[in-house]
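Single-structure report; data block below.
Readers should treat all values here as calculations from the given coordinates under stated rules, not as data from a laboratory. Keep in mind it's a predicted model, so treat the numbers as computed, not measured. Cβ atoms come from the backbone with ideal geometry, glycine included; neighbour counts cover every protein chain shown.
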Amino acid sequence: HYLRSHYQEAIDIYKRILLDNREYLALNVYVALCYYKLDYYDVSQEVLAVYLQHHPDSPVAPNLKACNHFRLYNGKAAEQELRALQDSSSAPLTFAQDLVRHNLVVFRSGEGALQVLPSLVDVIPE
């Protein structure tokens, strides 16, 4: 359902799975992403908090948290979240680095796009 942009149906399915399998914590990130797509940024933050309590080192969840901050507050707040992610990560953000660089450009209203875009061609499908 998620891939067809049926986010509410995806949330319902993920929540049913979580009811029976609370240990599937990563599903919270998918639920949060669906809420983000539905413009429920505050709800997305709440769901992400559950996941981040158990996995504070995740590069994916803080990136979504930064995107929520961008929508709820502004680019500077979002950029601070990404900086915290970059500063706290002990391992290189290899798979998430391109996404982080892309989002920094978005949070800065396109500043630096010409330096970032060429390396993202064929990496990020949009």
Notebook entry, point to check: Excluding same-chain residues fewer than 8 positions from Lys76, which lysines have a Cα within less than 16 Å of its Cα?
Noted result: Lys65
Item checked: Selection of GluC sites (Glu not before Pro), the range 1-83, meeting DSSP coil and at most 12 other Cβ within 10 Å -> Glu23
Check: So how do Lys76, Lys65, Lys37 line up by other beta-carbon neighbours within 10 Å, fewest first?
Finding: Lys76, Lys37, Lys65
Notebook entry, point to check: At what distance in nm do the modelled label points of His1 and Ala49 sit from each other, each positioned 7 Å from its Cα along Cα→Cβ?
Noted result: 2.5
Item checked: Exposure proxy ranking, count of Cβ atoms within 10 Å, fewest first, for Leu52, Leu19, Leu82 -> Leu19, Leu52, Leu82
